[in-house]
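The next block holds one structure in the form of structure tokens; read it before the comments.
What follows is calculated from the coordinates using simple rules that are stated; it is not laboratory data. Not measured: the values here are computed from a predicted model. For neighbour counting, all protein chains shown are included, and Cβ atoms are generated from backbone atoms with ideal geometry for every residue, glycine included.
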């Protein structure tokens with residue numbers, strides 16, 4: 001991936017993260033030094049806008065990693081993919097953290113179409129069932145890619 005493409009992807013991810021932080025009042029952003037994007041400042045309960053899978057509440061103090069993708073990417077309209085990295089994933093599992101998955105419109109501002117919270121431990125099961133952990137040559141260790149349909153029913157998004 002070229003540095004221009006990487007920079008654009010990173011900007012788009014930050015845009016999606018800011019939308020999520022604006023919508024979910026109970027999230028407090030972290031400094032960026034941690035393996036996650038936010039901490040649950042207070043307990044977070046499921047809602048129509050933010051459903052949960054596999055748990056009833058995100059307790060205050062738990063880490064939340066925000067993973068976003070576009071509903072479609074590339075000119076061939078391929079469904080977007082979430083990228084999970086092993087070192088980060090292992091820390092989230094150890095700390096009982098969660099992923100907040102976000103599917104966004106395919107525009108630079110990355111407005112969310114759907115969001116869902118999944119415990120990190122359950123997300124590992126999604127990888128085992130639908131993808132595999134692969135070593136990447138970028139020096140950042142193993143990663144897995146999940147299409148958004150591994151996390152969301154298409155009716156939740158489209």
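Here are a few things to note about the model shown:
- Residues listed by number, the range 65-98, amide nitrogen under 14 Å from residue 158 label point at 7 Å toward C-beta: 71-73, 77-80
- Cα centroid separation, the range 7-37 to the range 99-157: 15 Å.
- Contact order relative to length of the chain, as percent, for alpha carbon pairs under 8 angstrom and 6 or more apart: 22 percent
- Based on the convex hull around the alpha carbon atoms, the range 26-103 presents an average projected area of 6.0 nm².
- Where labels lie 7 Å past Cα in the beta-carbon direction, separation of residue 83 and residue 14 in nm: 1.6 nm
- Extension gain for residue 135 to residue 121 (0.36 nm times residue separation, less C-alpha to C-alpha distance): 3.0 nm.
- A crude spin-label estimate for the pair residue 149 and residue 42, with each label 7 Å from Cα along the Cβ direction, gives 3.9 nm.
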